[in-house]
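Working notes, structure below.
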Amino acid sequence: MQRIINFVLRYRNAFLYGFLALISLIITVRSHSYHQSKFFNSSKWLTGNVYGSAADVSSYFGLRQENNRLVKENERLRKLLFNMKVDSIIQPLDSSFVAYEVLSAKLIKNSYTSPRNYITINKGRNQGVKQDMGVITTKGILGIVENVSSNFATVQSVLNTKSNINAKIKHSEYFGSLVWTAEDYTMAQLIDIPRLVPLVVGDTIVTGGMSSIFPENIPIGTIKKYDLNTAGSFYNIDVELFNDMANIKNVYLIENKNREEIKTLEARTTNE
Amino acid sequence: MNNSVLLNGFRFVLLVLAQVLIFNNLSFMGSINPFVYVIFFYWYPIKSNRTFFMLISFLLGFIIDIFSDTMALHSIASLTVAYARPVVMRFCFGVNYEFQNFSFKNTTKIQRVAFLALLILIHQVVFFSLEILSFTHILLILKKVFGTGIVTLVLCTLFSSLFSPKTE
């Protein structure tokens, strides 16, 4: 017994190394296949507040640019509004008819260089943010809410190898999955589009209607380049994103009011 | 003794803040975010309790992990660097680093840069191979290791000569 204890004490650094390395490996490898760690993420109180106060300062530098962007969007929305028929304007204002609720939030931490990028925003559970809400900007989609704390939330960016979003080609209505291969942060990949679909470089890609997270027809990007996959039956399409992922300040969160109903219905259908 | 604890605690906090608020957003040439906090392992006193050093390094990596949403990648990379540091020192400075009166003042500039470079290399290799975790992306891993590694080395060398301690 004494010898065993002596042995352990003598190699205590090696044991400590092995033990701590095992813990880190478990945390890392688990989140390769599952969700981001629930306990260790930047939506927490300390990290959120540090990023929040840094963002308070740095947000002043882009104010003019950001204002221009928001005015441009207002202009576009006004145009849509004025060209609508009158009765369809009144109807959506009644909250019982609204299928999608929209919240605004500010980005306090952005990341786009690692293979699994997460973004932190300054709204959390207290402001009505829930897991699996869609996140968009004025230009296009950004990601999906993954973890929520009381005042902050982390968003799984489209620039994440775990991200998988239903998307379609705007005019032909063929849909596939939007993924990311971690190579270029201006480009995402659309897969599972059958080879019979006619493609043109420059076609617009938008979100599809199969997802209960994003509404249909939110812009994603344009086709930059396409080729057939190794089996030769599906296209791999490089999509140039509308969003400049390196320069984002204000975001919108979308909540689908019917998501719960859709989810329970789907769960029941697969059980039977 | 007390002074050294205070100094290292101060460095710890300052390096975490510098890493997460400045260097994680740097994106030099599109995708290079240098890990300047590796200089902590270079600056940490040579004659110290190795177990405690490993625990502190793990904690440093772990805090940076929480800030940058990288699971436990920084923790395991930092831990490995801390564990391998005595071996790297023996390799760079020869056997005389084990003597009592050894200090950085008795070493050449090249030895110190080589020491720093090896620490950074170990950190980068562990970090990026676990981050991507796929052999089909070996070229991407190598590209990231050398791209980020060289920028980190330049920055750390600058920092080490800028804030070089007068007394060891």
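General remarks:
- Helices (runs of 4 or more DSSP H) wholly inside the stretch B:39-121 containing at least 3 residues that are modelled with pLDDT of 90 or more: B:50-68, B:73-93
- Checking the stated criteria, A:GLY48 turns out to be assigned to a helix (DSSP H, G or I), within 14 Å of another protein chain (Cβ to nearest Cβ), within 23 Å of B:VAL16 (Cβ to Cβ) and in contact with a Phe, Trp or Tyr (Cβ under 7 Å, 6 or more places away or on another chain).
- Failed item in (1) assigned to a helix (DSSP H, G or I); (2) of a type in the set (Val, Ile, Thr); (3) closer than 27 Å to A:LEU9 by Cα, with B:VAL13 passing the rest: (3)
- Condition check for B:ARG50: farther than 28 Å from A:SER111 by Cα and either facing chain A (nearest Cβ under 9 Å) or touching a Ser or Thr at 6+ places or on another chain (Cβ under 6 Å) (or both): yes
- Restricting attention to the stretch A:183-210 and to residues that are buried (at least 20 other Cβ atoms within 10 Å of the Cβ) and part of a loop (DSSP other than H, G, I, E, B), the residue that is farthest from the other protein chains (Cβ to nearest Cβ) turns out to be A:GLY208.
- Residues that are out of contact with any helix residue (DSSP H, G or I) (no Cβ under 6 Å at 6 or more places or on another chain), farther than 22 Å from A:ARG30 by Cβ, within 13 Å of chain B (Cβ to nearest Cβ) and part of a strand (DSSP E or B), drawn from the stretch A:98-137: A:LEU107, A:ILE121
- Taking the criterion of being under 17 Å from the mean Cα position of the chain (by Cα) and closer than 19 Å to A:TYR112 by Cβ, the residues of the stretch B:125-144 that qualify are B:PHE127, B:PHE128, B:LYS144.
- Test: residue in the stretch B:3-13 that is more than 14 Å from B:PHE127 (Cβ to Cβ) and buried (at least 19 other Cβ atoms within 10 Å of the Cβ): no
- The single residue among B:ILE66, B:ILE110, B:ILE76 that is within 14 Å of chain A (Cβ to nearest Cβ) and either within 16 Å of B:TRP43 (Cα to Cα) or without any contact (Cβ under 8 Å) to a residue 12 or more places away in the chain (or both) turns out to be B:ILE66.
The values are calculated or read from the model by the stated rules, or taken from the named source; none is laboratory data. Not measured: the values here are computed from a predicted model. Don't worry about glycine lacking a Cβ; one is built from the backbone with ideal geometry, like all the others, and counts go over all protein chains shown.
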